[in-house]
1. Between 62, 91, 58, 108, which is buried (at least 18 other Cβ atoms within 10 Å of the Cβ) and within 12 Å of the chain's Cα centre (by Cα)?
2. Which members of segment 153-172 meet the condition of being touching a residue at least 60 places away in the same chain (Cβ under 8 Å), assigned to a helix (DSSP H, G or I) and closer than 23 Å to residue 67 by Cα?
3. Quick check on my filter: what residues within segment 134-152 are assigned to a helix (DSSP H, G or I) and more than 20 Å from the chain's Cα centre (by Cα)?
4. If I go through segment 138-152 residue by residue, how many of them are within 19 Å of residue 84 (Cβ to Cβ) and free of Cβ contacts under 8 Å to residues at least 60 places away in the same chain?
5. Quickly run through segment 82-98 and pick out the residues that are free of Cβ contacts under 8 Å to residues at least 24 places away in the same chain and within 21 Å of residue 217 (Cβ to Cβ).
6. Is it the case, given these coordinates, that residue 83 is in a helix (DSSP H, G or I), over 13 Å from the mean Cα position of the chain (by Cα) and surrounded by fewer than 17 Cβ atoms within 10 Å (Cβ to Cβ)?
7. Regarding segment 41-55, can at least one residue be identified that is within 30 Å of residue 202 (Cβ to Cβ), in contact with a helix residue (DSSP H, G or I) (Cβ under 9 Å, 6 or more places away or on another chain), at pLDDT 90 or above and buried (at least 17 other Cβ atoms within 10 Å of the Cβ)?
8. Return the residues of segment 114-126 that are closer than 21 Å to residue 60 by Cβ and free of Cβ contacts under 8 Å to residues at least 12 places away in the same chain; say none if nothing qualifies.
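The values are calculated or read from the model by the stated rules, or taken from the named source; none is laboratory data. None of these values were measured; they are calculated from a predicted model. Don't worry about glycine lacking a Cβ; one is built from the backbone with ideal geometry, like all the others, and counts go over all protein chains shown.
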């Protein structure tokens, strides 16, 4: 019985109502986590002695970077599973994940520019992490474009999965580079600093909140993608008649 229930939710028809049930709870949890994380980061966490108040952008920049990398790996995994095992829901999930991952990649680049101007004296610096994040954004764009221009869905699934797999190593390198507080505190005043409990709490809460928000955005988009891709199926037709 449990296997039957699980397999039911693995189909587009079964997952569609489940997504609707999850969205309100995820949205509320995201709001609470982000509010708590921002409060700790903006009002409780100590100010960096060298960068002053501008350093507080780390509580958005770094969590957004973590979520961006997680979404990239999730998109790669679902695209690969969908192509290799011909799982329809995985293919649709990858198409729903990619735009949200692209949004977070742009958020990372934007907050990085805002942070870099007063620290580096320039809006854009070609350091390794910036280049990897930019490459990740372009890979998301390439995946989205492939599914738009290729009419043969199997070819689009294969090409998209292979394209995303090419960037996995960059995500690993980027994540490794993020793992020191010195790396977060950049510029000529970069020094090793002990991370307080309030700073870690803010980073983790913001990461959780942004991840939950990403989940809400993905589920909303996935429902739209399911209806678009399954519009010729009987269950979508029946649902349309019920709404009329």
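1. On the way: 62 fails: within 12 Å of the chain's Cα centre (by Cα); 91 fails: within 12 Å of the chain's Cα centre (by Cα); 58 fails: within 12 Å of the chain's Cα centre (by Cα).
Answer to the selection: 108.
2. Answer for segment 153-172, where residues must be touching a residue at least 60 places away in the same chain (Cβ under 8 Å), assigned to a helix (DSSP H, G or I) and closer than 23 Å to residue 67 by Cα: 160, 161, 164, 165, 168, 171.
3. Hits for segment 134-152 are 148, 149.
4. 4
5. If we filter segment 82-98 for residues that are free of Cβ contacts under 8 Å to residues at least 24 places away in the same chain, which is where we start, we get 85-86, 90.
Correct list: 90 only.
6. Numbers: in a helix (DSSP H, G or I): yes; over 13 Å from the mean Cα position of the chain (by Cα): yes; surrounded by fewer than 17 Cβ atoms within 10 Å (Cβ to Cβ): no.
So residue 83 does not fit the description; no.
7. No, segment 41-55 contains no residue that is within 30 Å of residue 202 (Cβ to Cβ), in contact with a helix residue (DSSP H, G or I) (Cβ under 9 Å, 6 or more places away or on another chain), at pLDDT 90 or above and buried (at least 17 other Cβ atoms within 10 Å of the Cβ).
8. Kept after step one, since they are closer than 21 Å to residue 60 by Cβ, are these residues of segment 114-126: 114-120, 122-125.
Those that are closer than 21 Å to residue 60 by Cβ and free of Cβ contacts under 8 Å to residues at least 12 places away in the same chain: 117, 122, 123, 124, 125.
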